[in-house]
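The values are calculated or read from the model by the stated rules, or taken from the named source; none is laboratory data. The structure displayed is predicted, hence computed values, not measured ones. Neighbour counts run over all protein chains shown; Cβ positions are idealised from the backbone, glycine included.
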Amino acid sequence: MNPSVALVTGASRGIGREIAIALARRGIRIAVHSRQDLRGALETIALLPGTGHRHYAADLGDADQCAALCDSVLAESGSIDILVNNAAGITDHPPLSTTYEDWRGAWQSTLATNLMGPANLSMLVAQAMIARPPTAIGRARIVNISSRGAFRGEPEAPAYGASKAGLNSLGQSLAKALAPHAIYVYTLAPGWVRTDMAVGYLSGPRGEEILAQHPLGRVAEPEEVAAAAVFCALDAPPAMTGSIIDVNGASYLRT
């Protein structure tokens, strides 16, 4: 039997790269997606144990490119057993100091990448999963990478918080729709994670404030989020489908 295939979006760096590495260590073939960072994607592939890993470029904010990405992975790998919707973008646009033009642009680009991209890919991949032989369907998983910002709000980037709240709802809706087909959907909600994107904030004027939110005395490491993602992708029981799992070091607790 061929190894299972995982499509990991936004895998050229950060959390996506660590998820790809952790899945490859479990024997999964990785379809490494990036929007335009070819160098980063190839660096990720060089770090992956095993063989058969490939890079795919696509702008997930473009519905046609989402479809082409899915088609390409299926054509070259034969299946997509795991989809990790990790790619996301964030642009600061505080409502009281942003022009209307910039406000509209931030919402359009953020929702396109962070919500419509995962929605389109999830639908396309789920249909491909259902079309596979029944003996393989039990391995089908979708893992969404959301954010604590979906719950606590993002005053400097409200479109980001809204997009992640939408992603949470998307995951729960798909969990209900796909459970009869043995396709299970899980969502992770990290807080601050020590990635390239976060370093500037952590070392900047808000660094002490951010750290003060964390009882651990530090933010999460990408490997920690990856460990949770791999659990959902490979080990979580079906009864957990629809779950939203916090990975924020108790920096934000919800009831």
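Of note:
- Residue match in segment 31-38 (condition: touching a Cys at 6+ places or on another chain (Cβ under 9 Å), under 27 Å from Ala159 (Cβ atoms), assigned to a strand (DSSP E or B) and at pLDDT 95 or above): no
- Of Arg132, Arg141, all but one fail to be among the charged types (D, E, K, R) and surrounded by fewer than 17 Cβ atoms within 10 Å (Cβ to Cβ); the exception is Arg132.
- Flag for Ser203 being in contact (Cβ under 8 Å) with a residue 24 or more places away in the chain and polar (S, T, N, Q): no
- Test: Pro222 is surrounded by fewer than 15 Cβ atoms within 10 Å (Cβ to Cβ) and at pLDDT 95 or above: no
- Evaluation of Glu154 against the conditions (1) in a loop (DSSP other than H, G, I, E, B); (2) surrounded by 14 or more Cβ atoms within 10 Å (Cβ to Cβ); (3) more than 20 Å from the chain's Cα centre (by Cα) shows that the sole unmet condition is (3).
- Among (1) of a type outside the set (Phe, Trp, Tyr); (2) in contact with an Asp or Glu (Cβ under 9 Å, 6 or more places away or on another chain); (3) surrounded by fewer than 24 Cβ atoms within 10 Å (Cβ to Cβ); (4) under 22 Å from Glu221 (Cα atoms), the one test that Arg35 misses: (4)
- Residues (of a type in the set (Gly, Ala, Ser), under 17 Å from Gly89 (Cβ atoms) and crowded, with 21+ Cβ neighbours inside 10 Å) located in segment 161-188: Gly161, Ser163
- Residue in segment 6-27 that is polar (S, T, N, Q), buried (at least 16 other Cβ atoms within 10 Å of the Cβ), in contact with a strand residue (DSSP E or B) (Cβ under 7 Å, 6 or more places away or on another chain) and modelled with pLDDT under 95 present: no
- Number of positions in segment 42-56 that are in contact with a strand residue (DSSP E or B) (Cβ under 9 Å, 6 or more places away or on another chain) and farther than 19 Å from Asp71 by Cα: 6
- One residue from Leu83, Leu74 being in a strand (DSSP E or B) and modelled with pLDDT of 95 or more: Leu83
- Options Thr44, Thr51; residue that is surrounded by fewer than 23 Cβ atoms within 10 Å (Cβ to Cβ), β-branched (Val, Ile, Thr) and either more than 14 Å from the chain's Cα centre (by Cα) or not in a helix (DSSP H, G or I) (or both): Thr51
- Residue in segment 140-150 that is of a type outside the set (Gly, Ala, Ser), without any contact (Cβ under 8 Å) to a residue 12 or more places away in the chain and touching a helix residue (DSSP H, G or I) at 6+ places or on another chain (Cβ under 8 Å) present: no
- Scanning segment 93-108 for residues that are surrounded by 15 or more Cβ atoms within 10 Å (Cβ to Cβ) and not aromatic (Phe, Trp, Tyr) returns His93, Thr98, Gly105, Ala106.
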